[in-house]
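Participant: Please find one structure pasted underneath; my questions will follow.
The values are calculated or read from the model by the stated rules, or taken from the named source; none is laboratory data. Just so you know, these numbers come straight off a predicted model, no measurement behind them. Cβ atoms come from the backbone with ideal geometry, glycine included; neighbour counts cover every protein chain shown.
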Amino acid sequence: MMPDWNPTTLIALAVAAETLSLLLFGRANTLWRSPGMTTQPQRFLLIRSALALLWVHLGAAILAPGGLAANYPALSLDTLPLLALGILGGLGLLLFALSIRSMPAQLVFFGGSLHLVVGVLVGWFLGEALSISRAFIIGLLLLAQLTVLWNDRFSWRHSWGKGSLLPFAVGAIWGTYFPLLGLAINRWGFWPSLIASEWAVMLLMLVWALSRPAGTWRDSSMWRSMTEQSLLSSVGQALSGLALWWGGVILHSILTNFNIVINTYVFNLRFGEALRARYLLYFALYIAFAAALVFSS
C-alpha cells in the first residue's frame, strides 16, 4: 500500500533512494571484473544469486512486519508471473555481467540507454502520466546519449563481434523488468516480489551452472567478491524497488539512467578507464533534473 504522504515528499524519497542505489551498484558492478570471471562466470553468478537470496530473506525476516513467514509468497498459479519476472531480470543480470567483465564501461552503460526508452514506454502503457517537464528531461537525456554514442562510434566498431550488442539487449530487458517489478510490488507487496524474483534468478543461474560445470569452488577470492557484490546489489535492488514504489516507473527510468555517469566514474577510479569531459556533464544534469523533478511535482 502506498504511504499516505504528499507527492513532493514521495518524489524526494524516490530520488534519494535511487541515488543511493546507483552508488551501491557502482561499486558492486566493478566486482564483475574479479579474477576468474572470464573463465568461470557461471559459478560467480550462481554464488552471487544464492547469497542475494539469503540477504533478501534476512531483510524480510528483520525488517518486514510479521517477519519472513507473513511476507513469503505462496506457491500458486497466482505467483507464476513473479517467477517469470525474476527469470527476465536474471537474464538481464547474466548478459550484463558477461559484457561488463571485458568491455569498456562507457560502452556498456551508454549501450544500455535503451533502458530509458523502454522504461518510459512501459510506464506510459501502464497508465502513468508523462508531464511536460518529464518529457523535456527525457528528450534532453536522449539527445545527450545519442551525441555520446555517435562520438564513440569508432569504439563500438572496434568491439563489433565481441558482444557489443549485449548492452543493448540488457537495456531492453531491464527497461521492461524494472517497470514490471514496480507493478508487481503494488500487486503482491514489496518483500514477496523481491523474494520470488530472487528465487527465479537463483534457479536460472543454477541451470546455467549445471549446463557448464567447468571451474572450481575453491577460489576464495570468488567467494569474497561475490559476497560483497550480492550484499551491495541486494540493498541496491531493495532501494530501487522503493524508488519505484514511491516515484513510479517513469521517474525511476529517468533516475536510473544516471548509472551511466556514476559507473563510468567508478570504473575510471578503479580500473583507470578513460573519463571524457562530456561524461562529466551528466553530474550537472543529474543535480538539475533531480531538483526539477522534485519541485515540479
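Participant: Looking only at residues in the range 209-263 that are part of a loop (DSSP other than H, G, I, E, B) and among the charged types (D, E, K, R), which one is modelled with the lowest pLDDT?
Facilitator: For the range 209-263, the residue satisfying everything is Arg212.
Participant: OK, next. For the range 35-73, give me the residue count where each residue is hydroxyl-bearing (Ser, Thr, Tyr) and within 19 Å of the chain's Cα centre (by Cα).
Facilitator: Here the count works out to 1.
Participant: If Gly36 satisfies all but one of (1) in contact with a Ser or Thr (Cβ under 9 Å, 6 or more places away or on another chain); (2) under 17 Å from Ile260 (Cα atoms), what's the number of the condition it fails?
Facilitator: Failed condition: (2).
Participant: Just give me the residues in the range 1-40 being aromatic (Phe, Trp, Tyr), surrounded by 13 or more Cβ atoms within 10 Å (Cβ to Cβ) and not in a helix (DSSP H, G or I), in sequence order.
Facilitator: Of everything in the range 1-40, nothing turns out to be aromatic (Phe, Trp, Tyr), surrounded by 13 or more Cβ atoms within 10 Å (Cβ to Cβ) and not in a helix (DSSP H, G or I).
Participant: Val201 versus (1) surrounded by fewer than 22 Cβ atoms within 10 Å (Cβ to Cβ); (2) farther than 21 Å from Leu13 by Cα: which is the lone unmet condition?
Facilitator: Of (1) surrounded by fewer than 22 Cβ atoms within 10 Å (Cβ to Cβ); (2) farther than 21 Å from Leu13 by Cα, only one is false for Val201: (1).
Participant: Listed residues Thr79, Thr19; which is touching a residue at least 60 places away in the same chain (Cβ under 8 Å) and farther than 20 Å from Val201 by Cβ?
Facilitator: Criteria check complete, one pass: Thr19.
Yes/no matrix, rows are residues, columns are (1) surrounded by fewer than 23 Cβ atoms within 10 Å (Cβ to Cβ); (2) in contact with a helix residue (DSSP H, G or I) (Cβ under 6 Å, 6 or more places away or on another chain); (3) of a type in the set (S, T, N, Q):
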residue	(1), (2), (3)
Leu166	yes, yes, no
Pro179	no, yes, no
Ile185	yes, yes, no
Asp219	yes, no, no
Met226	no, yes, no
Gly236	yes, yes, no
Leu244	no, yes, no
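Participant: Can we say Ile173 is more than 23 Å from Leu68 (Cα to Cα), in a helix (DSSP H, G or I) and modelled with pLDDT of 85 or more?
Facilitator: Yes; evaluated as a whole, the condition is true for this residue.
This table checks each residue for (1) of a type in the set (Phe, Trp, Tyr); (2) part of a helix (DSSP H, G or I); (3) modelled with pLDDT of 70 or more.
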site: Phe110; (1), (2), (3): yes, yes, no
site: Val118; (1), (2), (3): no, yes, yes
site: Trp124; (1), (2), (3): yes, yes, yes
site: Gly127; (1), (2), (3): no, no, yes
site: Ser133; (1), (2), (3): no, yes, yes
site: Ile138; (1), (2), (3): no, yes, yes
site: Ala144; (1), (2), (3): no, yes, no
site: Phe154; (1), (2), (3): yes, yes, no
site: Arg157; (1), (2), (3): no, yes, no
